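Below you'll find the structure I mean.
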Amino acid sequence: MKLRLKIITCLLCLISFFSNAQVAEFNYKRSIEGVADQWHKVMLPTEIFSKVSPQLNDLRIYGITSENDTVEAPYLLKKLSGKHTSKEISFDLLNVSKNTKGQYFTFKVNAAEPVDQITLDFEQENFDWQVSLEGSQDQKEWFTIVDKYRILSIKNPETDYAFTKISFPNANYTYYRLLIKTSEKLSLKSAKVIKNDIVKPVYNNYRIVRSTVSEDQKSNTTIVDIDLEMPVPVNYLKVEINEGFDYYRPMAIQYLDDSVKTEKGWHFNYQTLGSGILNSIETNEFSFNDNTIQKLRLRIENRDNEPLAIGKISLKGYQYELDARFTKDADYFLAYGGNIRKPSYDINHHTAKIPADLATLQLGKEGIIDHPEELKASPLFENKAWLWGIMILVIGMLGWFSFRMMGKE
């Protein structure tokens, strides 16, 4: 019986050690305050992104119970990137007419549904036209939806650009009349009437600590270098241009990947994050895939044009949240920063059962997780396979001795 008690004690100590070893795999922690329900959400602060893996694999929610046991709360990681769906609305082109104002196209939609966009495709190229759009229920009384809206096409060996999308607030009419203010005889290849449903993304706005503008005279390129306060995931850029004339400039969006010190100084290696066209028609907003960066560079091709006056620059990144389930009474904390695989939780397969409205928990200040030297000096216990092997061996021994004692009794 004494031997049995010793084995049980050894097993409990080993389990406790293994639980602490789980936490020790991470470098940082923040206390989680206000757990009161089974489900809560935790918003990830921007400060942690420089300390976690790009895939956010190394995030865990642990709790310490009153019995000093370590428990783990499962979570669903959500990127608040929003959602955009488009639906084409069936319509008929009723008539095409022309007068001194321009050319008219009248559409009749075949369902009583709101619309917020019409896209056009013309046979013509290289145009710059103003359009107006009206709506009516009976073709007798017309109401202005948009006026002096600009559509544009540029086609040459260097450029192939078209902006022929007319966007407007939700409108619900049976008839839509489009006036294109030109004396040309137009040939409309196709048109689409669209309803967009948009769940807006939730962004973090990042503070730019420094931005510089320089000119590469050899390539006639404007270079804009942007420094952020800390490494953060960026996927949105807006560039304001302080000019009163029309412009069209290709632009590359780059980020600093690494740097090497040489005898001649530092050499900076930039990688392309995305590209786009700075132009006087659209809002010059650009979206691209997440990348954790601190230094950004814009390369604007001026070609044979004078450089543009660069105005305000805005950078944003999607917010991330953890929808977590708490089933035990414990003091919980968020552990992060470690070389560890992505967790696999059941709740990732049952997301429909997670409540829609969750109370937000507050995170405390960042703390550093201690890594005892004796644990680091023992390569045997740094490997989880050894720990599991020892636990299985002890459990097997305990079972064997239990059956022996039962046989003797």
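The values are calculated or read from the model by the stated rules, or taken from the named source; none is laboratory data. Quick caveat, the model's predicted, so the values are computed rather than measured. Methodologically, a virtual Cβ is constructed for each residue, glycine included, from the backbone with ideal geometry; neighbour enumeration extends over all protein chains shown.
Return the residue satisfying two criteria in turn: it lies in segment 180-205 and is in a loop (DSSP other than H, G, I, E, B) and over 13 Å from the mean Cα position of the chain (by Cα), and of such residues it is farthest from GLN103 (Cα to Cα).
SER187
Taking segment 90-113 as the search range and keeping residues that are under 42 Å from the mean Cα position of the chain (by Cα) and either on the phi > 0 side of the Ramachandran plot or of a type in the set (A, V, I, L, M) (or both), which one is surrounded by the most Cβ atoms within 10 Å (Cβ to Cβ)?
Checked segment 90-113; the qualifying residue surrounded by the most Cβ atoms within 10 Å (Cβ to Cβ) is VAL109.
Sticking with this structure for a sec: Quick one: is LYS195 without any contact (Cβ under 8 Å) to a residue 60 or more places away in the chain and of a type in the set (Lys, Arg)?
In short, no.
Here's the yes/no breakdown for (1) farther than 29 Å from ARG30 by Cβ; (2) surrounded by 12 or more Cβ atoms within 10 Å (Cβ to Cβ); (3) within 20 Å of the chain's Cα centre (by Cα); (4) among the hydrophobic types (A, V, I, L, M, F, W, C):
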{"position": "PHE268", "(1), (2), (3), (4)": "yes, yes, no, yes"}
{"position": "GLY274", "(1), (2), (3), (4)": "yes, yes, yes, no"}
{"position": "ILE277", "(1), (2), (3), (4)": "yes, yes, no, yes"}
{"position": "GLU285", "(1), (2), (3), (4)": "yes, yes, yes, no"}
{"position": "ILE293", "(1), (2), (3), (4)": "no, yes, yes, yes"}
{"position": "GLU301", "(1), (2), (3), (4)": "yes, yes, no, no"}
{"position": "LEU308", "(1), (2), (3), (4)": "yes, yes, no, yes"}
{"position": "TYR318", "(1), (2), (3), (4)": "no, yes, yes, no"}
{"position": "TYR332", "(1), (2), (3), (4)": "no, yes, no, no"}
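At least 2 residues that are hydroxyl-bearing (Ser, Thr, Tyr) and either farther than 28 Å from ASP323 by Cα or touching a Leu at 6+ places or on another chain (Cβ under 9 Å) (or both) in each: list the strands (runs of 3 or more DSSP E) lying fully within segment 59-132 that qualify.
Strands (runs of 3 or more DSSP E) meeting the threshold: 102-109.
Go through (1) surrounded by fewer than 13 Cβ atoms within 10 Å (Cβ to Cβ); (2) more than 23 Å from THR283 (Cβ to Cβ); (3) not hydrophobic (A, V, I, L, M, F, W, C) for TYR175 and report which single condition fails.
(1) is the only condition that TYR175 fails.
Sticking with this one: Taking the options SER287, SER344, name whichever one is in a strand (DSSP E or B) and small (Gly, Ala, Ser).
Of the residues listed, the single one that is in a strand (DSSP E or B) and small (Gly, Ala, Ser) is SER287.
Picking from ASP121, ASP116, which residue would you name as being crowded, with 16+ Cβ neighbours inside 10 Å, assigned by TED's automatic domain parsing to the domain that holds ILE89 and charged (D, E, K, R)?
Of ASP121, ASP116, the one residue that is crowded, with 16+ Cβ neighbours inside 10 Å, assigned by TED's automatic domain parsing to the domain that holds ILE89 and charged (D, E, K, R) is ASP116.
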